[in-house]
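Colleague: Can you keep this structure in mind? I'll have questions shortly.
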Amino acid sequence: LLLSSALACSGCVFLLRLLYGRRRVRLGVRKHRWAARVLHGLVFVIGAIVLVFLVLLLTGQSEIRRVNFRAVLSGPFLLSLLMFISVGFGEELMSRGFFMSALKTTRNKIVIIVGPALLFSLMHAANPNVTFLSLANIFLIGIAFAYMFIRSGSLWMPIGFHITWNFFQGNILGMNVSGIETVSVVETTFTGSPLLTGGDFGAEGGLVVTMVALLCILYTRLAVRPPAEPEWTLESGLPLRRENLHGL
């Protein structure tokens, strides 16, 4: 998996070089202030995933069996962390960094945002216990990632959100991550309706995540302010018509 993500990253850069010719290619992953942008995404997502967990817990949809801090010292726990870092970085570089940059040639902001989010959702179609609602929620999360990319002008914010969402959901709070079970600190049992809890797919397959994903989109749209000199914009790199891209 780590090798696959690395190859995907390299392939994205190569394909964009072909698309842009000799022009400078920007994917939104420069080192400038990268730590602050990752931290913003990290803090944002902890609040979002803890909200999901608390809603399920306080409404009786789930219960905590035990808390096992020793889990953090186990090999599977550390391997899961490495996997989530690899997947978060690789999928964001490909889904947002590459495809959103490539689709700027369409001069259509809806295509630029919705197209990669739809592909991101379909990438999970073969996951265990997948449902239509889980794919719809992943699509909404992809829209939220796109807005983070656009509003922050950097890919580091959605990368930080993506990695932390998966890690906290699985390894900390004990929820399945897109159908995949992981070793966790908090061992949680979900006894409520699968329509709310997501069932065996995990919280991403439930209506609680639908609500939280929509709140994330709203928060990003209203609260994340673009920097004075963003590293990546919808209008940079390719000749786009400004009138088609206003309002973001």
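Colleague: Which one of these does T106 not meet: (1) surrounded by fewer than 21 Cβ atoms within 10 Å (Cβ to Cβ); (2) under 17 Å from Q169 (Cβ atoms); (3) at pLDDT below 90?
Modeller: Of (1) surrounded by fewer than 21 Cβ atoms within 10 Å (Cβ to Cβ); (2) under 17 Å from Q169 (Cβ atoms); (3) at pLDDT below 90, only one is false for T106: (2).
Colleague: Name the one entry in G170, G160 that is in contact with a helix residue (DSSP H, G or I) (Cβ under 8 Å, 6 or more places away or on another chain) and over 19 Å from V208 (Cβ atoms). First the steps, then the outcome.
Modeller: Values: G170 fails: over 19 Å from V208 (Cβ atoms).
Sole residue among the options that is in contact with a helix residue (DSSP H, G or I) (Cβ under 8 Å, 6 or more places away or on another chain) and over 19 Å from V208 (Cβ atoms): G160.
Colleague: Could you check the stretch 147-160 and list, in sequence order, the residues that are open to solvent by less than 30 Å² (accessible area, probe 1.4 Å) and part of a helix (DSSP H, G or I)? Step through it out loud before you land on a result.
Modeller: Start the filter on the stretch 147-160 by keeping residues that are open to solvent by less than 30 Å² (accessible area, probe 1.4 Å), which leaves 148-155, 157-160.
Hits for the stretch 147-160 are M148, F149, I150, R151, S152, M157, P158, I159, G160.
Colleague: Tell me the residue from F84, F99, F69, F77 that is open to solvent by 20 Å² or more (accessible area, probe 1.4 Å), touching a residue at least 12 places away in the same chain (Cβ under 8 Å) and either within 17 Å of F168 (Cα to Cα) or in contact with a Phe, Trp or Tyr (Cβ under 8 Å, 6 or more places away or on another chain) (or both), please.
Modeller: Values: F84 fails: open to solvent by 20 Å² or more (accessible area, probe 1.4 Å); F99 fails: either within 17 Å of F168 (Cα to Cα) or in contact with a Phe, Trp or Tyr (Cβ under 8 Å, 6 or more places away or on another chain) (or both); F77 fails: open to solvent by 20 Å² or more (accessible area, probe 1.4 Å).
Among F84, F99, F69, F77, only F69 is open to solvent by 20 Å² or more (accessible area, probe 1.4 Å), touching a residue at least 12 places away in the same chain (Cβ under 8 Å) and either within 17 Å of F168 (Cα to Cα) or in contact with a Phe, Trp or Tyr (Cβ under 8 Å, 6 or more places away or on another chain) (or both).
Colleague: Another question, then. So how many residues does the stretch 200-226 have that are open to solvent by less than 40 Å² (accessible area, probe 1.4 Å) and either out of contact with any Lys or Arg (no Cβ under 8 Å at 6 or more places or on another chain) or assigned to a helix (DSSP H, G or I) (or both)?
Modeller: Of the residues in the stretch 200-226, the ones open to solvent by less than 40 Å² (accessible area, probe 1.4 Å) are 201-206, 208-210, 212-213, 216-217, 220, 224.
Checking the rest, the ones that are also either out of contact with any Lys or Arg (no Cβ under 8 Å at 6 or more places or on another chain) or assigned to a helix (DSSP H, G or I) (or both) come to 201-206, 208-210, 212-213, 216-217, 220.
Qualifying residue count, the stretch 200-226: 14.
Colleague: Could you list, in sequence order, the residues of the stretch 51-66 that are within 15 Å of I172 (Cβ to Cβ), open to solvent by 50 Å² or more (accessible area, probe 1.4 Å) and of a type in the set (V, I, T)?
Modeller: I64
Colleague: What number of residues within the stretch 113-146 are surrounded by 21 or more Cβ atoms within 10 Å (Cβ to Cβ) and more than 20 Å from M211 (Cβ to Cβ)?
Modeller: 2
Colleague: Taking the stated definitions as given, is I163 surrounded by 18 or more Cβ atoms within 10 Å (Cβ to Cβ), at pLDDT 95 or above, closer than 17 Å to E91 by Cβ and not polar (S, T, N, Q)? First the steps, then the outcome.
Modeller: Working: surrounded by 18 or more Cβ atoms within 10 Å (Cβ to Cβ): yes; at pLDDT 95 or above: no; closer than 17 Å to E91 by Cβ: yes; not polar (S, T, N, Q): yes.
Judged against the criteria, I163 is not a match.
Colleague: Can you pull out the residues in the stretch 170-194 that are surrounded by fewer than 18 Cβ atoms within 10 Å (Cβ to Cβ) and free of Cβ contacts under 8 Å to residues at least 40 places away in the same chain?
Modeller: Selection gives E181, P194.
The values are calculated or read from the model by the stated rules, or taken from the named source; none is laboratory data. Because the structure is predicted, anything quoted here is derived from the model rather than measured. Here Cβ is always computed from backbone atoms with ideal geometry, including for glycine, and neighbour counts include all displayed protein chains. We work out accessible area using only protein heavy atoms, side chains counted, and drop any ligands, DNA or RNA first. Shrake-Rupley method; radii C 1.70, N 1.55, O 1.52, S 1.80 Å.
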